[in-house]
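The values are calculated or read from the model by the stated rules, or taken from the named source; none is laboratory data. Small disclaimer: the values here were computed from a predicted structure and weren't measured. Here Cβ is always computed from backbone atoms with ideal geometry, including for glycine, and neighbour counts include all displayed protein chains.
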Amino acid sequence: MKTLIEKTSDKLVNAFLKSKIIAPIPSKFCKKIAEAQKLRMLCESKIKLPVIGFKAAGTGIPLIKKLREKEPFYAKVYNRNVLKSGKSVKINKSTLGIELEVCYKIKKSFFSSKGIITLKNISKHISHMAPCIEVVGYRQRKKGITSFGDLCSDFGANVKFLIGKSKKYKKINIGNLKTNISNKKLNQCVKGNTNTVYVNPLNSLRFVLNKIKKDNVNLNKDFWIFTGSTVGVVPIEGKGIYIGKIDKLGSVKTVIR
């Protein structure tokens, strides 16, 4: 007899692989982050697709405080969920919204490094950086966020990532860059700042790298880290072109259909 967590992971993995929407999973896997983490890791262990990197989630400090959590979490990102800037993404009723992020490409030599990653030594592991759009949503028929467990249990709620033109990494004041995401046709524009991302995107990156090091994860190749939204979760008010801009990094866009 399969346990409840085994049955639940089978349903979620099937939904992920076949791009289906299923009924909400049992609430016990969504209320506490510890239970959600167990489910997420079990689901990820059953997916044998290439992994391109990891996402940081729950990086907004006000949200962390509001939901009474201690820290963000991370989840795997698969190659099939990453697109080039300008590509289209089909949404559904379980889509939560769209985010604008800073992402970093990390050298595979990171996996053989020793010691804790700090803001002083992190630069040697980074090769490139880029602006990124993330479309977030569930694989379940539910809406809203009541806990980090909601997001974590459902693969971090990552649907698609679109990466803009990458630049070779250089040190800039990443903690105070103006950002915005807009849909001109709908007259929708949301402004933000990189300082909303767990102090700053570099600190979010540090957090994820130390977590995957602690979990003994090894991809044995260069990989991407998506550091969290600079504009929160922006509701998608309609179809069309959404363009995200980050000062000093550039722009990225997607066609929502």
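Scanning segment 175-205 for residues that are without any contact (Cβ under 8 Å) to a residue 12 or more places away in the chain and either outside any loop (DSSP other than H, G, I, E, B) or crowded, with 21+ Cβ neighbours inside 10 Å (or both) yields a total of 1. In the set S127, S94, S85, S153, only one residue is farther than 23 Å from F16 by Cα and either modelled with pLDDT under 95 or not acidic (D, E) (or both); that residue is S127. Restricting attention to segment 66-121, the residues that are closer than 17 Å to N203 by Cα, out of contact with any helix residue (DSSP H, G or I) (no Cβ under 7 Å at 6 or more places or on another chain) and crowded, with 16+ Cβ neighbours inside 10 Å total 4. Filtering segment 84-116 to residues that are more than 16 Å from V159 (Cα to Cα), in a strand (DSSP E or B) and touching an Asp or Glu at 6+ places or on another chain (Cβ under 8 Å) leaves K105, I106.
Restricting the search to segment 34-61, which residues are in a helix (DSSP H, G or I) and in contact (Cβ under 8 Å) with a residue 40 or more places away in the chain?
Listed by number, the residues that qualify are E35, A36, Q37, L39, R40, C43, E44, I61.
Restricted to segment 125-174, and to residues that are buried (at least 21 other Cβ atoms within 10 Å of the Cβ) and part of a loop (DSSP other than H, G, I, E, B), which residue is farthest from the chain's Cα centre (by Cα)? Top of the filtered list is I174. Candidates in segment 206-257 are the residues that are among the aromatic types (F, W, Y) and assigned to a strand (DSSP E or B); of these, the one that is farthest from E99 (Cα to Cα) is F223. Going through segment 206-257 one residue at a time, which ones are surrounded by 17 or more Cβ atoms within 10 Å (Cβ to Cβ), of a type outside the set (K, R) and within 23 Å of S45 (Cα to Cα)? Answer for segment 206-257, where residues must be surrounded by 17 or more Cβ atoms within 10 Å (Cβ to Cβ), of a type outside the set (K, R) and within 23 Å of S45 (Cα to Cα): F207, V208, L209, I212, L219, F223, W224, I225, F226, T227.
Exactly one residue among S153, S204 is over 23 Å from L119 (Cα atoms) and either touching a Gly at 6+ places or on another chain (Cβ under 8 Å) or among the hydroxyl-bearing types (S, T, Y) (or both), and that residue is S153. Scanning segment 72-110 for residues that are closer than 17 Å to T230 by Cα and not aliphatic (A, V, I, L, M) yields P72, F73, Y74, G97, E99, E101, C103, Y104.
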